[in-house]
1. Looking at the structure I just gave you, is LEU116 surrounded by 14 or more Cβ atoms within 10 Å (Cβ to Cβ), among the hydrophobic types (A, V, I, L, M, F, W, C), in contact (Cβ under 8 Å) with a residue 24 or more places away in the chain and closer than 20 Å to VAL58 by Cα?
2. Tell me, which helices (runs of 4 or more DSSP H) wholly within region 1-119 include 1 or more residues that are modelled with pLDDT under 85 and of a type outside the set (Phe, Trp, Tyr)?
3. Pull out all pairs, ordered by first then second residue, where Cβ-Cβ is under 9 Å, the residues are six or more apart or on different chains, the first lies in region 74-85 and is without any contact (Cβ under 8 Å) to a residue 40 or more places away in the chain and of a type in the set (Ser, Thr, Tyr), and the second is surrounded by 14 or more Cβ atoms within 10 Å (Cβ to Cβ) and part of a helix (DSSP H, G or I).
4. Check off (1) surrounded by 16 or more Cβ atoms within 10 Å (Cβ to Cβ); (2) more than 14 Å from PHE44 (Cβ to Cβ); (3) in contact (Cβ under 8 Å) with a residue 40 or more places away in the chain for GLY107 and give me the number that stays unchecked.
Amino acid sequence: MIEIIMGNPILSSCSITLFGFVAVHRLALHRQKESFRIVAANEFVSTITSEFSEIYPVSSNWPEDIDCYLRNKFPILQSAIENYKPYVKNQEGFNKAWDFYRLGEDGRIIDKQLYLQYMGFQSNDEPAISPEVRLRENINQLLSYAKTSTRTSNGIT
């Protein structure tokens, strides 16, 4: 087959042109997909940071009823998670980070939301960690899945 193509200059030039077109098209699709991923990551980070602006990264106004506060934020956060999820390369890690944020270490998926980790409750054998620090760690973990993506579409960080 190669001999036929190489022996015929018209087929040879058509093959090279077709190969070039396919390569350029694939590159363009890859760049477009990467651009969409960057936009989605920026939107994800923006939503998370704006929703938690008064308590993340440093708590300037920790709510007295953190459970109610986080439950009110949940629909917006869940939407941000679902919108960004298709662009995440490590889906399993991202899902675990989301589950850990909303359920803690011992929560069950069926619970949907369990914010005891942000209320200062802990067992006697656990080291003391402040709820503010725990929340910051969990949000940082979620945002870490967008860190490599948060660039502008022209490549400038």
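1. The answer is no for LEU116.
2. On the way: elements: 2-7, 9-51, 66-84, 91-103.
Counting at least 1 such residues, we get 2-7, 9-51.
3. SER79/THR47
4. GLY107 satisfies all of (1) surrounded by 16 or more Cβ atoms within 10 Å (Cβ to Cβ); (2) more than 14 Å from PHE44 (Cβ to Cβ); (3) in contact (Cβ under 8 Å) with a residue 40 or more places away in the chain except (3).
Each row is one residue, and each column tells you yes or no for (1) over 30 Å from GLU34 (Cβ atoms); (2) surrounded by 15 or more Cβ atoms within 10 Å (Cβ to Cβ); (3) among the hydrophobic types (A, V, I, L, M, F, W, C).
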position: PHE94; (1), (2), (3): no, yes, yes
position: ASP111; (1), (2), (3): yes, no, no
position: VAL133; (1), (2), (3): yes, no, yes
position: ILE139; (1), (2), (3): no, yes, yes
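The values are calculated or read from the model by the stated rules, or taken from the named source; none is laboratory data. The shown structure was predicted, so the numbers you read here are calculated from the model rather than taken from an experiment. Note that each Cβ is placed from the backbone with ideal geometry, even for glycine, and that neighbours are counted across all protein chains shown.
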